[in-house]
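See structure below.
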Ligand SMILES: Nc1ncnc2c1ncn2[C@@H]1O[C@H](COP(=O)(O)OP(=O)(O)OP(=O)(O)O)[C@@H](O)[C@H]1O
Ligand SMILES: Nc1ncnc2c1ncn2[C@@H]1O[C@H](COP(=O)(O)OP(=O)(O)OP(=O)(O)O)[C@@H](O)[C@H]1O
Ligand SMILES: CC(C)C[C@H](N)C(=O)O
Ligand SMILES: [Mg+2]
Ligand SMILES: [Mg+2]
């Protein structure tokens, strides 16, 4: 019973609206879990709570990571990121006016040991760390076939590529858990299929846990080992893809008849 | 070696048929209003001198060539303008700047170039002095320094107005207001009931005046310029404060009464070198005022008069030294005695301050109704 | 490693050459006091504007209070060198100015940097005004009259060296881990935080570094001009530094240099236009912005490395 | 022919986004544009509705060239767009958003009628009519964007990825609504990543790739086309 | 006690002047998010126009006021057309610099053409003081106060209730989408500038009359104060601008009355900062946090 991430009775109120109500869930090591639910169900809000972008109203989030056990609620987003929770955003939030390489390097800053004095006076150690960082970033970019676009400004990338870059950037923080918010939105089926393969590859290669929100059922059903279904802020169902597909409540609230 | 270059010039010698006089003046920025009045005085003086043939330089009549540059009421620009005037334009003397701040900023450069400068209105007591207390060799002025005017006002309050409880309301955006206030407070024998400040550009003084009103005061001392003091007078009277209001030569301008409103401008006094009395008995002043009116269709303000005198002081220095070389002019300026100026008979003392009689004028219904001589 | 060393050496040579060029021109008399004045003013403006560009252009924090920190440096130097009239005294005063302005920047920055955009601008402007008004009412600062007869312990070589030093510090900072963190804050605070960047800390770092260089510029200003008054450090001064930054290109240090030079020269040339000078200046400002909305250089930077690479590529092609 | 686009070329600065695209739409049709990311679909729509100016080419709408006309004029001519990413007016209530849709319509009676029609079609909007549009969920915002466009009583409606980011259950609903709008006499130009759904309700379709039209045909033909299947239908 | 009431009157009448100017600032900011630095200078133009037509063409008060509003509106529209419109798609800071440039241009251009002297504004309405139990208030103070309040209500109605007002709000939140529903953005922005600048023109005449002293730089200080007022109230919000204006007027008066005149601006800025720390978007500003 040592889940990597344990969420208990999480609640978020916006004024009168309860966007997330009493959600309990867990993520285990090296798992690939999906979070689905109708529009406005509170999926993104849940991500925001888990990654500290917005404060929780009540409930607890506990990480049992490699370096120990931490209560995440109440911690600022950057601390949570440093503890190994990294994410992408539903509305892409790249550093638009910076190059692809810089986007990735920035994600590595919080780990980098480069000192202020060393960089101001360009001591040899500065060049050494810089070189290491660039090498590491290049490696990551290569995995995602972005090595040729390293000097392109992020805003000039096609939409699908921007989504890929966001994933690279999230990986560059060396996360234990990766949260992906609608990674396939705006992609056509072919692109979605490619992305599916990529996510699998990444999960294996870096041994990370992935929680993803997606409305594209082809991707969800192909990838997820487990699925949580959220509706009106509460958990509606949890199970394997097959269980979820057959769940009447889920069909009624989310999947719809047909297909 | 680490030796670095230093620029070096030793005074500007005058050549050709003109005497070049530079004007380093606040023509834009916060003090532009004063600067432009002064520019008019300077131009009038130069025009007159040239019409009468020019300056007599050792027997030869030479015309004045004015080189007028704007310092934007900025210290940095003032320094740059001074450098340009002395180095590139090679002027023999400078008139300006109007403000102490811009004035002190030009001192290093004019001193390096050995070109004298006469400021019509820089009033800080230490303006003409070096750090060690010695006089700045190239710095002169045509106006009183603050201690003198502030002290005179204090005497006047006690002796003539018999005021015992006085409130001070001073402009604290330049040395002028604060300096006068300090001098006043030092020499005033009665009680300073309250001491408040306003800044240049302020338009609403009701709050402070209302608080003065409840304090049983005999008079208010308002060192500042007519732009703000005019409004203070107006608002004080409208607030029902009818005690005498005493100020300094920054108020000596016909605009004061216009801004305050004629009926409000009563029981208003100010120290000034440029009194109506003096003017009537002083042909130079009468002539100046008439010509000014003819040229600019307005009554001459004090600032124009001071600037006008500054030009004539330079002329007199050139003529007495029989040379228009800058170093000589500086020597001549230091020796001026009983110079017949619009603002009175001027003698330059060892601090390069002008000694001239001071008067206090009284306004009644916006017109000068009386003037007092304070010794 | 070797190539990096090469670029640094080239930069060093350029700086030394610039110094000797100027020295020679002064000795020969091509540069007189007037030009020297202009160059020093430009130099001081460069220091101010690079610091502000770090805050606005790189960290994306709209500060309108740069003149306040400049004032602190200026007054530190004016007051300290009154009694310590030696070069050592001057450097001591520079140091004191930096320390005080860092403290002030922390006091101002810790609360206000939580504000966004124009609200931050107004708050920093207010903070700078508070600094100025306090100075205006203190005895030791000479009140509204300010301080004059400040010994001239900084002449053009000092300014030149300080321009080099502050620029090196700021540019090196920008190209380091800190610089990247700071830029990410400008681009997207939420994303930056999600990448583990303590946005508040880095905003503050940029703000403090900018304030410290402003203090250095203030010290130089006071010592070179030998006179200062609170009115030199008002809102208009902050705005004129801002103008340099935007005109050169927000986010381009090279642009800041170019704009400071262009405006410095323009300002001196306009001295010949008398009362029209500010009118012409205003029109020029509007026109440059309309035709070059992202500033003279946008975000372009001069880079020796790039020139070298182009050179190499050409050689390769020619072979 | 209702709308005819001829050799349209559109640039963003130096970037050539649309490279000579031609297509047409007949009165009463549903026509789909499909194509990969960055193919230029959004750019074409923005050009039709007057937000962008083409480098060259013609757009003829009801026998009138409109490629130089400004957006408000184009709207007045009867073309409404539901933009990519919805672009509802945050800070304005749902009601006010809809009112904005009818900005150019002077006849109050007609506006009232449009309100009734929209509320009938999207009952959820009626429930939320006083809510700040910014706080609506994604699906609701999409409906609001459609409703707003319908308030202008357009003859031709341009839909840019109306199903993006919607839950499966809403996707079906949205396509039903599009068909219904079309049945009521509005011509539809539809852009979709969900090509399968789009083509299945379309009379005709065009396949774009990097700024050019590659393929065209009826909805069924394209659905059956192998290349299309491979590239856009995930099959 | 009498003094306290008098100070309240002083504060309100000073505040009404800031409010009058802040309203125009807020309108323009509300629509294009531009700090229109030239706003204070349009106020100056209005004052000079009033000065001129009353002295030379012998206009009466009402026609001077209305014509000054027209002149203000026209200059606002012209300035927007030439200096801001070309920069609509540029970074906001660029437009800010042109705004500063325009401000310099107006200040120095007017100084150049008409000299930078201070002049007295023709007292076309005779000032009458009413004494209410020892508390003095003048007819002009009342006039300004009432005008500021009426304009505030009027503007609020325009923005909230009219089609134009809705168009203004739509343009300010999403110009592209506004175009797509048929709003002419240029027209709407011009209208906003005309409205805001007409207010400044009116303020020029009213304040010129009240203080009786005008000069080409008169817009600078109140311009910055009014901007601060607008920010304090929540820039973009009409009631915010009024409340901010009155608050600053009252604060300034209060601190002067307790003897802090030398620090009055410093204290006002300090209060401003404190308020912003508690309410980061000003008193009435909506703290629109982006939805992530
Ligand atoms: N900052 C906020 N203020 C007020 N309400 C909010 C805020 N953020 C989200 N909400 C509301 O909370 C609910 C959940 O929103 P959320 O974005 O989490 O939905 P979602 O499940 O991600 O939907 P979608 O699939 O459309 O992205 C919605 O009703 C939304 O309007
Ligand atoms: N504002 C812009 N500036 C520069 N280039 C742009 C801009 N907008 C789009 N582009 C480029 O123009 C091309 C076409 O873009 P467009 O948005 O029309 O594609 P699309 O077919 O709608 O793609 P998607 O399916 O991602 O919405 C792309 O290469 C894009 O990068
Ligand atoms: C013209 C005045 C503003 C100058 C003032 N007397 C000063 O010394 O600064
Ligand atoms: Mg979501
Ligand atoms: Mg698109």
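The values are calculated or read from the model by the stated rules, or taken from the named source; none is laboratory data. Bear in mind that the values here come from a model prediction, so they are computed numbers and not experimental data. A quick note on method: Cβ atoms are made from the backbone with ideal geometry, for glycine too, and the neighbour counts reach across all protein chains shown.
Quick notes
- Filter pass, residue B:196 being within 10 Å of chain E (Cβ to nearest Cβ) and either touching a strand residue (DSSP E or B) at 6+ places or on another chain (Cβ under 9 Å) or within 16 Å of ligand 2 (Cβ to nearest atom) (or both): yes
- Residue match in the range C:140-150 (condition: more than 14 Å from chain B (Cβ to nearest Cβ), in a helix (DSSP H, G or I) and under 30 Å from residue B:182 (Cα atoms)): no
- Candidate set: the range B:204-222, residues that are over 24 Å from the mean Cα position of the chain (by Cα) and either more than 11 Å from every other protein chain (Cβ to nearest Cβ) or within 16 Å of ligand 1 (Cβ to nearest atom) (or both); chosen: the one surrounded by the fewest Cβ atoms within 10 Å (Cβ to Cβ): B:216
- For the range D:198-235, residues that are within 13 Å of chain A (Cβ to nearest Cβ), more than 12 Å from ligand 2 (Cβ to nearest atom), surrounded by 18 or more Cβ atoms within 10 Å (Cβ to Cβ) and not in a helix (DSSP H, G or I) total 1.
- Test: residue in the range E:18-37 that is away from chain B (no Cβ under 14 Å) and over 30 Å from residue E:173 (Cβ atoms): no
- When B:113, B:30, B:46 are checked against the criterion of being facing chain C (nearest Cβ under 9 Å), farther than 28 Å from residue C:281 by Cα and buried (at least 20 other Cβ atoms within 10 Å of the Cβ), a single residue qualifies: B:113.
- Residues that are assigned to a helix (DSSP H, G or I) and within 8 Å of another protein chain (Cβ to nearest Cβ) within the range D:30-85 comprise D:71, D:72, D:75, D:76, listed in sequence order.
- Test for residue B:265: is it modelled with pLDDT under 90, part of a loop (DSSP other than H, G, I, E, B) and within 13 Å of chain E (Cβ to nearest Cβ): no
- Whichever residue in the range C:154-190 is without any contact (Cβ under 8 Å) to a residue 12 or more places away in the chain and outside any helix (DSSP H, G or I) and, among such residues, is farthest from residue A:130 (Cα to Cα): C:188
- For residue D:164, the test of being more than 16 Å from ligand 3 (Cβ to nearest atom), more than 16 Å from residue D:51 (Cβ to Cβ) and out of contact with any strand residue (DSSP E or B) (no Cβ under 8 Å at 6 or more places or on another chain) is passed.
- Considering (1) in contact (Cβ under 8 Å) with a residue 24 or more places away in the chain; (2) within 14 Å of chain B (Cβ to nearest Cβ); (3) under 22 Å from residue C:264 (Cβ atoms); (4) surrounded by 24 or more Cβ atoms within 10 Å (Cβ to Cβ), the lone condition that residue C:39 does not fulfil carries the number (4).
- Tally, over the range B:104-119, of residues that are within 14 Å of residue B:34 (Cα to Cα) and either away from ligand 3 (no atom under 14 Å from the Cβ) or at pLDDT below 95 (or both): 0
- From the options C:136, C:198, C:172, residue that is closer than 25 Å to residue C:39 by Cβ and in the same structural domain as residue C:304 (by TED's automatic domain parsing): C:172
- Sole residue being at pLDDT 95 or above, within 19 Å of residue C:61 (Cβ to Cβ) and either assigned to a helix (DSSP H, G or I) or out of contact with any strand residue (DSSP E or B) (no Cβ under 9 Å at 6 or more places or on another chain) (or both), chosen from C:96, C:127, C:121: C:127
- Residue match in the range A:141-156 (condition: away from ligand 2 (no atom under 16 Å from the Cβ), touching a residue at least 12 places away in the same chain (Cβ under 8 Å) and surrounded by 21 or more Cβ atoms within 10 Å (Cβ to Cβ)): yes
- Residue identified as closer than 30 Å to residue A:98 by Cβ, more than 10 Å from chain E (Cβ to nearest Cβ) and in a helix (DSSP H, G or I) among C:265, C:246, C:269, C:258: C:258
Quick grid of which residues meet (1) under 11 Å from the mean Cα position of the chain (by Cα); (2) in contact (Cβ under 8 Å) with a residue 24 or more places away in the chain; (3) at negative phi:
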residue	(1), (2), (3)
E:25	yes, yes, yes
E:28	yes, yes, yes
E:67	no, no, yes
E:73	no, yes, yes
E:88	no, yes, yes
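- Scanning the range A:201-216 for residues that are farther than 15 Å from residue A:227 by Cβ and out of contact with any helix residue (DSSP H, G or I) (no Cβ under 7 Å at 6 or more places or on another chain) gives A:201, A:203, A:204, A:205, A:207, A:208.
- Filtered residues of the range B:223-251 (kept if closer than 23 Å to residue B:374 by Cβ and surrounded by fewer than 24 Cβ atoms within 10 Å (Cβ to Cβ)): B:243, B:244
- For the range C:210-221, the criterion of being closer than 23 Å to residue C:267 by Cα, modelled with pLDDT of 95 or more, touching a helix residue (DSSP H, G or I) at 6+ places or on another chain (Cβ under 8 Å) and facing chain B (nearest Cβ under 9 Å) is satisfied by at least one residue.
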